[in-house]
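Quick notes on the structure that follows.
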Amino acid sequence: MKTLKNYLILFDEECPMCSMYTNAFVSTGLLDQDGRSSYQELPAQVCPNVDRQRAANEIALINQETGEVTYGIESLFKIFAMIVPFLGPLFKFKPFIWVMSKMYGFIAYNRRVIVPPLKGEDFKYQPTFKLHYRIIYLIFTWFITAWILSAYTSLIAGTLPAGHAYREYFVCGGQIFFQGGIVFLVNEKKVWAYLGNMMTISFGGALLLLPGLIVDVWLQLDPIFYVLWFLAVAGLMLLEHIRRTKLLNLGWIPTITWVLYRIIVLLIIFLMA
């Protein structure tokens with residue numbers, strides 16, 4: 001495998017996900033051993049051509065011989081072209097670049113709520129908050145989570161009253177508005193950060209339910225098995241919710257209301273059965 005010589009990739013040291021995949025570029029030989037650096041640690045004089053704010057938003061790749069800088073998906077395409085050179089023409093095809101740049105932006109501008117930073121956010125340059133990407137993220141995670149939950153409830157038939165096909169969509173969507181209102185009262189500046197983290201937890205929990213759906217394809221187990229599986233996943237979600245609200249310095253109120261909402265919904269479901 002060829003190495004992209006004399007290039008330096010800049011990553012966000014406050015983003016564990018960014019650190020992991022850029023380290024993989026170096027460890028697999030795609031970049032030189034000294035071919036990565038966090039943008040937080042890069043001295044301004046090393047490459048004056050770098051747009052520091054844009055580098056905080058989108059990963060930057062610097063040609064240290066020419067000073068040329070690419071950002072975001074174009075940086076990644078330059079690296080991927082080393083792995084699959086026959087796809088090089090595709091990586092230069094403008095419509096494809098446009099589509100992939102939107103997908104990249106969806107992840108890049110939500111990365112701090114997908115995997116929250118552990119060291120805090122004290123550096124001068126922070127990723128720009130883009131509301132439309134956060135709203136799209138909330139809608140995406142809401143839809144996938146509700147879809148999986150709707151399928152999973154069929155496995156616990158008899159322990160939970162049957163409901164409308166769209167019940168879980170209303171429940172998940174309702175929690176976004178409910179918790180958003182609560183956090184607005186606690187700290188209105190952190191509403192969008194909290195909602196992003198909350199829906200990451202919900203999405204992750206839904207993904208952990210998928211093995212249960214897969215098991216049911218071959219083994220029709222007793223519904224109590226799937227109830228216990230669900231409760232175990234809910235417990236992990238609660239622990240993660242506590243961890244993330246601590247990182248956001250939001251205290252215990254969002255966690256209490258997060259649990260309370262689910263209890264109220266469950267009571268309503270049984271009362272309406």
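The values are calculated or read from the model by the stated rules, or taken from the named source; none is laboratory data. Note that the structure is a prediction, hence the values are computed from the model and not measured. With ideal geometry, Cβ positions are generated from the backbone for all residues, glycine too; neighbour counts draw on all protein chains shown. Remember, those area values only see protein heavy atoms, side chains included, never the ligands or the DNA or RNA. Shrake-Rupley method; radii C 1.70, N 1.55, O 1.52, S 1.80 Å.
Test of the criteria: in the stretch 184-273, which chymotrypsin sites (Phe, Trp or Tyr not before Pro) are in a DSSP loop and have at most 15 other Cβ atoms within 10 angstrom of their Cβ?
W252
Do any cysteines of the chain lack a neighbour Cys whose Cβ is under 4.7 Å away, and which are they?
C47, C172 - these cysteines have no disulfide-compatible partner (Cβ-Cβ under 4.7 Å) in the chain.
If you fit an axis through the alpha-carbon atoms of helix 223-247 and take the longest principal axis of the Cα set of the chain, what angle between them do you get, 0 to 90°, nearest 10?
Orientation of helix 223-247: about 50 degrees from the principal axis.
To the nearest 10 degrees, how steep is helix 167-187 against the longest Cα principal axis of the chain, on a 0 to 90 scale?
On a 0 to 90 degree scale, this one is about 70.
Hey, what number do you get for the chain at 222 nm if only DSSP H runs of n ≥ 4 count, each worth -39500 (n - 2.57), divided across all residues, to the nearest 500?
-20500 deg cm²/dmol
Could you order H164, H132, H241 by accessible surface area, starting with the largest, using a probe radius of 1.4 Å?
From most exposed to least exposed: H164, H132, H241.
Pull out a ≥ b ≥ c, the square roots of the eigenvalues of the alpha-carbon gyration tensor of the stretch 39-119, then state rounded if a/c is under 1.5, prolate if not and a/b is larger than b/c, and oblate in the remaining case.
oblate
Below 8 Å, C-alpha to C-alpha, sequence gap of six or more: please give me the relative contact order for the stretch 168-273 in percent.
With pairs under 8 Å counted, the relative contact order is 34 percent.
Between the stretch 217-241 and the stretch 165-200, what is the separation of their alpha carbon centroids in Å?
Each part's Cα centre sits 23 Å from the other's.
Which FRET efficiency value, to the nearest 0.05, do you get for M17 and L221 by plugging their Cβ-Cβ distance into 1/(1 + (r/R0)^6) with R0 = 45 Å?
The computed FRET efficiency comes out at 0.80.
Output the relative contact order of the chain, whole-number percent, from Cα pairs under 8 angstrom with separation of 6+ residues.
16 percent.
Looking at the stretch 69-166, which trypsin sites (Lys or Arg not before Pro) are DSSP coil and have at most 16 other C-beta atoms within 10 Å of their C-beta?
Filter output for the stretch 69-166: K92, K119, K124, K130.
Just read off the accessible area of M20 with the full protein assembly in place, 1.4 Å probe, to the nearest 10 Å².
Surface open to solvent at M20 totals about 130 Å².
Residues of the stretch 183-215 with the amide nitrogen closer than 16 Å to a label point 7 Å from the Cα of L260, along Cα-to-Cβ, please.
Hits in the stretch 183-215 for L260 at 16 Å: 183-187.
In nanometres, what is the gap between the two model label sites at V26 and I253, each 7 Å from Cα along Cα-to-Cβ?
4.3
Going by a ≥ b ≥ c, the root eigenvalues of the Cα gyration tensor, does the stretch 1-61 fall in the rounded group (a/c under 1.5), the prolate group (a/b larger than b/c) or the oblate group?
oblate
Largest first, what is the accessible-area ranking of F170, F93 with a 1.4 Å probe?
F170, F93
With charges only on Cβ, +1 for K and R and -1 for D and E, what is the dipole size of the stretch 26-134 about its Cα centre, in debye, rounded to 20?
540
Between the helical axis of 16-27 and the dominant principal axis of the chain, each derived from Cα atoms, what acute angle in degrees is found, rounded to the nearest 10?
Value to nearest ten degrees: 40.
With the Cα gyration tensor of the stretch 201-273 giving a ≥ b ≥ c as the square roots of its eigenvalues, does the rule (a/c under 1.5 for rounded; else a/b larger than b/c for prolate; else oblate) give rounded, prolate or oblate?
Here the stretch 201-273 falls in the oblate category.
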